[in-house]
Amino acid sequence: MPSNTVAQFATELKMPADLLLSQLSAAGVVKASVSAPLNKDDKDKLLDHLRRTHGAGAKDENKRKITLTRKVPIMKSASSKIEEKDLISEIAENDPILLKTRTLLSDGFAGVILFGPPGTSKTWYARQIAAHLVDGKNKRVSFIQFHPAYQYEDFIEGYAPGKNGKFQLTEKVFLDLCKKASKDYPDENCVLVIDEFSRCDVGRVFGEALTYLEKGKRGVPFKLASGREVLIPANIIILATMNPWDRGVDELDAALERRFARISLEPDLDLLKIVLDKNKVEAALQEKVVAFFNVVKKHENPLARIGHAYFSGVTDENSIIRLWDHQLSFHFEKAFRLDMQSYEKLKEIWNKNFKT
C-alpha cells in the first residue's frame, strides 16, 4: 500500500502513528490527524530533521543511521531529573466542542466519541480536549490507536518477556493508566485517547472491563480472566475518534455504545476557509474549492463527504490538481463504486473548475 497518509507511512515504518505525528511536528510538518496526506516534501523534511538530530555530519557511520522507533525511557536518578513536558492546547476554554464534552462527561458518560467523516479533525480535537482535561500534564494522558490486530492482551493484560527471559503477566495500557489514576493522581482527571475506535473488536479488547466503565460501577473491584482483581477509578476519562464509514462501526457492542456519548464533527465550510486563508490561496481559487466542497458536503451519498483537512496542503492551482490526481479521485471512486454515473458527474464538476 503506497504511503500517502501519515497512518500508511507509519505502517510502512513499523511504528505507532501517534509517534510519527509528533516527529513530523518536530520537523515543522503539522498534520491534523493520522489520516492526513503526506507528500514527498513532508517526508524529506522529516528525514532532514532526523539527520540533524542524529548528527548527520558525524564521522561514525552508526551515528548517521536514522531509526524511526520509540526511544527507551531513561531511568530517573537522584542526580538527573527529567522534566515533565506540558501539553499545549490550541483551543480556548470556551470552545464549543470542549464545552459539550465537559457537559456530557458531567452527565455520567464514561467517555466521548468524536464521530464524523474523514478529514474533520477528530484526532486533532481529541488531543486538544485531552490537554484541557488533564491541565496540560503529559503524565496524566495516554494516546493509543486501535487496529485490526489489537487485542485484549495489548489493552488490559498479557504475557510479556521479563528481565530474566521468562514470560510474566504484564499490565498493559488501560490497567497501567488505571493504576496511575488511583495511586498517583486520585483527585485529578486521567485521560485515554483512542484513535480509530472501531478498527478492531472493541468489546473483545475491553473484556470484563466493559461492564465497569459505567460510572455507577467505577471503583468496584472485579476479576480479570487471569484471576487478578482490579478496578476502574472514577477519574478515568476515555476520548475516542471514529469514522462512520470504517469497517466494524455497525458491529460495535451495544453495551459499549451505551456507555459513550457521541459528538458529530461534520465537514465545515468555515474551517475550510480558515485553512485556505492560512495557506494564502488566492480568492478566485478559494471560491472554486469552496464551491466544490459544498457540492460534496450536500451530496446524497454520505460516503462522498470529506473534511477540511484534505485541503491542508492546497496552496495554488497545481497543488489542488495534485490533490485530485493522487488522493481525492481514489476516495470518490471508492465512494461511488456502486454508482459510477454519479462519480463521473462529480469528476466533471471538478474538471470544469480545476483542469486546464
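The values are calculated or read from the model by the stated rules, or taken from the named source; none is laboratory data. Model, not experiment: these values are computed from the prediction. No Cβ is skipped: glycine too gets one built from the backbone with ideal geometry, and neighbour counts run over all protein chains shown. In case anyone asks, the SASA skips ligands and DNA or RNA and just uses the protein heavy atoms, side chains included. Shrake-Rupley method; radii C 1.70, N 1.55, O 1.52, S 1.80 Å.
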Somewhere in the range 256-268, is a residue farther than 15 Å from Ile113 by Cβ, in contact with a strand residue (DSSP E or B) (Cβ under 8 Å, 6 or more places away or on another chain) and at pLDDT 90 or above?
no
Show the residue pairs that are 6+ apart or on different chains and have beta-carbon atoms under 8 Å apart, the first residue being within the range 309-320 and closer than 18 Å to Glu287 by Cβ and among the charged types (D, E, K, R), the second being open to solvent by less than 30 Å² (accessible area, probe 1.4 Å) and not in a helix (DSSP H, G or I).
Asp316/Val281
Restricting attention to the range 235-244, report how many residues are within 30 Å of Asn301 (Cα to Cα) and surrounded by 19 or more Cβ atoms within 10 Å (Cβ to Cβ).
5
So is Ile232 buried (at least 17 other Cβ atoms within 10 Å of the Cβ), out of contact with any strand residue (DSSP E or B) (no Cβ under 8 Å at 6 or more places or on another chain) and within 20 Å of Val141 (Cα to Cα) or not?
yes
Residues that are touching a strand residue (DSSP E or B) at 6+ places or on another chain (Cβ under 6 Å), buried (at least 21 other Cβ atoms within 10 Å of the Cβ), in a loop (DSSP other than H, G, I, E, B) and touching a residue at least 24 places away in the same chain (Cβ under 8 Å): does the range 111-133 have at least one?
yes
Hey, Thr101 surrounded by 20 or more Cβ atoms within 10 Å (Cβ to Cβ), under 18 Å from the mean Cα position of the chain (by Cα) and within 20 Å of Lys215 (Cβ to Cβ) or not
yes
Matching option when the condition is acidic (Asp, Glu) and either free of Cβ contacts under 8 Å to residues at least 60 places away in the same chain or crowded, with 20+ Cβ neighbours inside 10 Å (or both), among Glu188, Glu214:
Glu188
Is it the case, given these coordinates, that Lys137 is among the basic types (Lys, Arg) and in contact (Cβ under 8 Å) with a residue 12 or more places away in the chain?
yes
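Find the residue count for the range 321-334, including only residues that are open to solvent by less than 80 Å² (accessible area, probe 1.4 Å) and without any contact (Cβ under 8 Å) to a residue 12 or more places away in the chain. Spell out the reasoning first.
We begin by selecting, within the range 321-334, every residue open to solvent by less than 80 Å² (accessible area, probe 1.4 Å); these are 321, 323-325, 327-329, 331-332.
Remaining after also requiring without any contact (Cβ under 8 Å) to a residue 12 or more places away in the chain: 325.
Count: 1.
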Among the listed residues Ser319, Ser329, Ser264, Ser342, which satisfies the condition of being under 25 Å from Ala126 (Cβ atoms) and among the polar types (S, T, N, Q)?
Ser264
Check Val314 against each of (1) open to solvent by 50 Å² or more (accessible area, probe 1.4 Å); (2) touching a helix residue (DSSP H, G or I) at 6+ places or on another chain (Cβ under 7 Å) and name the one condition it does not meet.
(1)
Looking only at residues in the range 288-321 that are of a type in the set (Lys, Arg) and modelled with pLDDT under 95, which one is farthest from Pro118 (Cα to Cα)?
Lys298
Sort out which residues of the range 335-356 are without any contact (Cβ under 8 Å) to a residue 24 or more places away in the chain, of a type in the set (D, E, K, R) and either at positive phi or surrounded by fewer than 17 Cβ atoms within 10 Å (Cβ to Cβ) (or both), and write them in order of number.
Arg337, Glu344, Lys345, Glu348, Lys352
Among residues of the range 153-183, those that are closer than 23 Å to Val230 by Cα and surrounded by fewer than 20 Cβ atoms within 10 Å (Cβ to Cβ), counted:
20
